[in-house]
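Report on the structure given below.
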Amino acid sequence: MREEIIRVLSQVLGIPPASIGDDASVETVEAWDSLRQIRLMMALEEKFQVRFDDEEVSDLISVSAIYDALRRHKNGVAL
Amino acid sequence: MEYSELLAVNRRLRDSLPSDAAQLAVLSNITIDPIREFLEYALRSRGVNADVHIGVFDNIVQESARCEKHTVVVVFWEMMTILAGLQSRGETLDDLSMPQLLAQTSAQISLVLENLSRTPLVLFNLFSALPYTYEGIKDARLDRLCRCLNDGLRATARSNVVLVDLDKIFAQVSIPCALDWRLYYTAQSLYSNAFYTAYTAHVLPALLPVFGKAKKALIFDCDNTLWKGIVGEDGAQGITISPQSPQGKVFRDVQMLALEMAGQGVIIGLCSKNNPEDVEAVLESHPDMLLRNRDIAIKRINWRDKHANLRSIAEDLNIGLDAILFVDDSPHEILAIQQQCPEIECFTVPKNLFQYPSALRAFLRCFGTGSLTREDATRTEMYQVEARRKAAAPQHASMEDFIRSLGLKVTLYVNPAQHVARIAQLTQKTNQFNLTTARHVEEEIARAVQSEDTLVVAADVQDRFGHYGLTGVAMASLDQPTKTASIDVLLLSCRVLGRQVEASLLEGLIRLLQAAGIRRILAYYRKTARNSQVEDFYDSFGFTILRQEGGDKDYVLETEGYHSSRAECIGVEYA
């Protein structure tokens, strides 16, 4: 699933997947700004068929936070 | 296509499209950023290189003054932020505030429209309070406010403005699906991807003609597409189009849609695997047919591959494959065509037949908007007349003989205000015999016709077979102090190619410029994928090349001592 998240990030930000590490976040990736963040949320919801809760929306600012949120939605089932 | 993929493909398309991108701007008082890729992809995937620029947030008025370079400006003026939180204060605002708000906003709207008066196309959304009022039974004050704002918009919008009814988008997508409150409260971004997708599809018919991509022809298969049944098996009397039968009614509605399209200038054609006599029997004598031979401009009824037939249709009509919409009931046929001619847009008759007319109607929106011209109303007839002309051609020994036998007459209209719509349409639709491919909308032509510094000439052609209509346009801008003019537009719609009409148009223009005191004429050839046939057009009329770069050519002609070299076979009149 981490690879899928990184692939989506790569498509949304327009940078190669190789440049996005498991520890990537809005702090470390220059292209990852607030306008890209809107697109990221929409892309993740469509790709993983989830709907993020209102409280979660502002948390999706790193690969690991996204991973945790998706896992919660998928009830911890390994993807 | 998945959203993340659309983002990636959109980026790739940008790199693969040649030449400078057309500039579009979206101005809004909310965060409207995500619409960018939807609009870009819709255009780029159809071969139009376009960049969408999002205006500074909540600065619609100021940004509207900075749009000189933009071909299209889209305005998303959300009612809810005219006054902070207006969507929740509609009923509690005191009686003074509403009229004040209305006056203030109306004044700003007028200013924006004034600033954008030179933009070729402005897509201005009508104000809507529906998202906040649709569940309540009473007529809310916010609805009344929007109605007043919209009445004002309709009254002040000029011809370059297309008003977009957001309520239609909400009707398609549903309001809960159209809005995203999470994004609104965290980022002032109100709309969902579902909304952006529907909005883009909704406005595409208004966008495409501006970039020369209007659809022109609607071609139908016959069996189980225009009638129920297979004429080769059931016989001409065995097929169903009866108003007494549910399926018959469906096909009648489809035929009526086709007739409506024909009335708007769309070319209707047939492409079917059948014996021609079988289809003729239906067209001529089936009592329930609504479409008849008089409505059909072109037919390919034979046993050849459909993609070859469609190519032949495009060639005969002198239009690009991308100007054709093809309707068939067979997914196999459609697949084969999509593989062989991906430029052709295809529509498959739905398996659930009762959905057919409404689904087709939605699809037919792509035939565009804009004023109806006389040519539109008589286009089918003109193609039929053209077919008769072509049939007469082989009887003559030479091209000159043939042209003389036609008795061609060209009438040149100078700065004709009555032909503004047709002139604009020709600049948008003509691709092959077009020297500069400069596209113009009605507003621009109207201004050019009034201006002392531009000369607009439209060529109307007829012969003994009938009227071709207005088929050529030339536009020149004049600089009196230097006695120089430059030919910014020179085009001929394809039906009159090869008949020396172009000589009459160019030489007529030169004569008019000479009479206006012009000594020097500059002209341009701008190379595109479709206009290589006019590469040497100016050369053949004695223009000298000033500059050549990457296929483009700049020319000059000194008018002193210029003699007309051809066109003795054509009578020219000025009007």
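The values are calculated or read from the model by the stated rules, or taken from the named source; none is laboratory data. What you are looking at is a predicted structure, and each value in this text was computed from that prediction instead of being measured. Heads up, the Cβs are rebuilt from the backbone with ideal geometry, glycines too, and the neighbour counts pull from every protein chain shown.
Assorted remarks:
- Within the range B:449-483, being among the small types (Gly, Ala, Ser) and without any contact (Cβ under 8 Å) to a residue 24 or more places away in the chain holds for one residue alone: B:Ser451.
- The residues listed here are A:Arg71, A:Arg7; of these, the one that is assigned to a helix (DSSP H, G or I) and more than 13 Å from chain B (Cβ to nearest Cβ) is A:Arg71.
- Of residues in the range B:239-281 being aliphatic (A, V, I, L, M) and part of a loop (DSSP other than H, G, I, E, B), the one farthest from B:Glu381 (Cα to Cα): B:Ile239
- Considering B:Met256, B:Met289, the condition of being more than 17 Å from B:Ile219 (Cβ to Cβ) and under 27 Å from the mean Cα position of the chain (by Cα) is satisfied by B:Met256 alone.
- Qualifying residues in the range B:179-212 (those that are polar (S, T, N, Q), part of a helix (DSSP H, G or I) and within 14 Å of chain A (Cβ to nearest Cβ)) - the one nearest to B:Pro120 (Cα to Cα): B:Thr197
- Among the residues of the range B:165-178, those identified as surrounded by fewer than 18 Cβ atoms within 10 Å (Cβ to Cβ) and either aliphatic (A, V, I, L, M) or away from chain A (no Cβ under 14 Å) (or both) are B:Asp165, B:Asp167, B:Lys168, B:Ala171, B:Gln172, B:Ser174, B:Ile175.
- Look at (1) closer than 26 Å to B:Val9 by Cα; (2) assigned to a loop (DSSP other than H, G, I, E, B); (3) within 14 Å of chain A (Cβ to nearest Cβ) and you find that B:Glu37 fails only one, number (2).
- Of the helices (runs of 4 or more DSSP H) that lie entirely inside the range B:339-455, those containing 2 or more residues that are modelled with pLDDT of 90 or more and either surrounded by 20 or more Cβ atoms within 10 Å (Cβ to Cβ) or charged (D, E, K, R) (or both) span B:356-363, B:420-429, B:442-450.
- Test result for B:Ser565, out of contact with any Asp or Glu (no Cβ under 7 Å at 6 or more places or on another chain), over 30 Å from B:Ser19 (Cα atoms), in a loop (DSSP other than H, G, I, E, B) and at pLDDT below 95: yes
- Subset of the range A:10-30 (residues that are more than 12 Å from chain B (Cβ to nearest Cβ) and of a type in the set (A, V, I, L, M, F, W, C)): A:Ala18, A:Ile20, A:Ala24, A:Val26, A:Val29
- Residues within the range B:213-238 that are in a helix (DSSP H, G or I) and either touching a residue at least 40 places away in the same chain (Cβ under 8 Å) or under 14 Å from the mean Cα position of the chain (by Cα) (or both), tallied: 2
- Some residue of the range B:121-138 being more than 33 Å from the chain's Cα centre (by Cα), within 14 Å of chain A (Cβ to nearest Cβ) and within 20 Å of B:Ala84 (Cα to Cα): no
- Any hit, the range B:120-128, residues being of a type in the set (S, T, N, Q) and surrounded by fewer than 19 Cβ atoms within 10 Å (Cβ to Cβ): no
- In the range B:340-353, the residues that are without any contact (Cβ under 8 Å) to a residue 24 or more places away in the chain form Cβ pairs under 8 Å with partners that are assigned to a loop (DSSP other than H, G, I, E, B), at six or more places apart or across chains, as follows: B:Glu343/B:Gly320; B:Thr348/B:Asp329; B:Thr348/B:Ser330.
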